[in-house]
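The values are calculated or read from the model by the stated rules, or taken from the named source; none is laboratory data. As the structure is a prediction and not an experimental result, all values here were calculated from the model. Positions of Cβ are generated from backbone atoms using ideal geometry, with glycine treated the same way; all protein chains shown enter the neighbour counts.
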Amino acid sequence: MTSATQKESYRSGYVALVGRPNAGKSTLLNRLLGQKIAAVSDKPQTTRFRIQGVITQPEGQIVLVDTPGVHKPGYEMNRRMMAAVQDALLTVDLVCLICDASVSTGSGDRFVLELVQKSNKPALLLLNKIDKLEDKAALLPLIEWYRHEYEWREVIPISALRGSMIDVLLNGIIKQLPEGEPLFADDQLTDQPMRTLVAEIVREKILQLTEEEIPYVTAVVTEKWEEVREDFTRIYCAIFVERPSQKKIVIGKSAARLKEIGTRARQDIEHLLGHRCHLELFVKVEEEWRNKMHLLDDLGIREG
Ligand SMILES: Nc1nc2c(ncn2[C@@H]2O[C@H](COP(=O)(O)OP(=O)(O)OP(=O)(O)O)[C@@H](O)[C@H]2O)c(=O)[nH]1
Ligand SMILES: [Mg+2]
């Protein structure tokens, strides 16, 4: 093969990860990227805006677009989250519908499926969390159900958590992309700035360490970033909640919870930056921030 034909067969394109909340979209993004850029938690609605990850392989480049889990919007924030899903579906070359194969199918799955059907885009069906299935034969009725609903280019059972079938998935995705040059430099991992990645790390730790309504009423923004030395950064993040009682919960008795959030977040941030940092967290009360346009703008919760 000449180098010219090799170049022609290089493929690149945008690929949306869509699915219900908790299906494992962000876990898969991090797994395929080999680096954690998206917040992951066992609480639904973890992801609030689209996050791109760039995967560069010898055969092609995949720009993977992680989206918020599909749910009924209550607040302006949630309406924007759903608009971001619609926008992703419109603008990508390929859609990956991820469903949690370890739970039974319900009306939420039907709704996500309809979004994919309406998009009319080439699509792969990914049946995730197969590590939780004792008997893989349980996948068969699920595959049967989905096969009747759409012309999937491929159906691939995976475990995003364990990394099973990931190579098959990467090849399956690249095969479906149009021929073309790489869209990004091969050392660009994501479209998100460091400040956002850091805020998302802090928010992830809050999601992990709190229950009930706290994950939903919490937002984090990086307010100050001081590069004290080449190998030492001082970072200030504000944590927003909606009521003084919620602020108390986030801070915890003798500030123990806030300390734990800070310690866990700092470890991940230092890993990301590759050097030491000092992280300062402040908790602020901002009533109804989920309905405030300017705050949502500041937090990067956009429609696309
Ligand atoms: N056992 C198992 N758990 C998984 C797998 N993939 C994801 N999870 C877990 O499922 C939960 C949700 O994962 P996320 O990646 O945050 O899901 P998501 O689809 O991005 O969720 P939203 O952002 O809320 O829409 C987390 O607790 C993950 O650890 C998997 O393959 N196997
Ligand atoms: Mg997510």
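Observations on the structure shown:
- Filter pass, LEU28 being crowded, with 21+ Cβ neighbours inside 10 Å, within 16 Å of ligand 2 (Cβ to nearest atom), modelled with pLDDT of 95 or more and assigned to a helix (DSSP H, G or I): yes
- Residue that is touching a residue at least 24 places away in the same chain (Cβ under 8 Å), over 30 Å from PHE240 (Cβ atoms) and within 15 Å of ligand 1 (Cβ to nearest atom), where the choices are VAL85, VAL70, VAL95: VAL95
- Only residues that are within 15 Å of ligand 1 (Cβ to nearest atom) and touching a helix residue (DSSP H, G or I) at 6+ places or on another chain (Cβ under 7 Å) were counted in region 98-114, giving 4.
- Taking every residue in region 16-34 that is on the phi > 0 side of the Ramachandran plot and among the basic types (Lys, Arg) and pairing it with any residue that is modelled with pLDDT under 95 and within 6 Å of ligand 1 (Cβ to nearest atom), at least 6 positions away or on another chain, yields no pair with a Cβ-Cβ distance below 8 Å.
- Restricting attention to region 46-66, the residues that are within 16 Å of ligand 2 (Cβ to nearest atom) and assigned to a strand (DSSP E or B) total 6.
- If the condition is being closer than 15 Å to ALA16 by Cα and of a type in the set (Val, Ile, Thr), then region 100-130 contributes VAL112, VAL116.
- Subset of region 67-104 that is touching a Leu at 6+ places or on another chain (Cβ under 7 Å), in a loop (DSSP other than H, G, I, E, B) and within 16 Å of ligand 2 (Cβ to nearest atom) - its residue that is nearest to LEU177 (Cα to Cα): THR67
- Members of region 259-274 that are over 23 Å from the mean Cα position of the chain (by Cα) and either surrounded by 14 or more Cβ atoms within 10 Å (Cβ to Cβ) or at pLDDT below 95 (or both): GLU260
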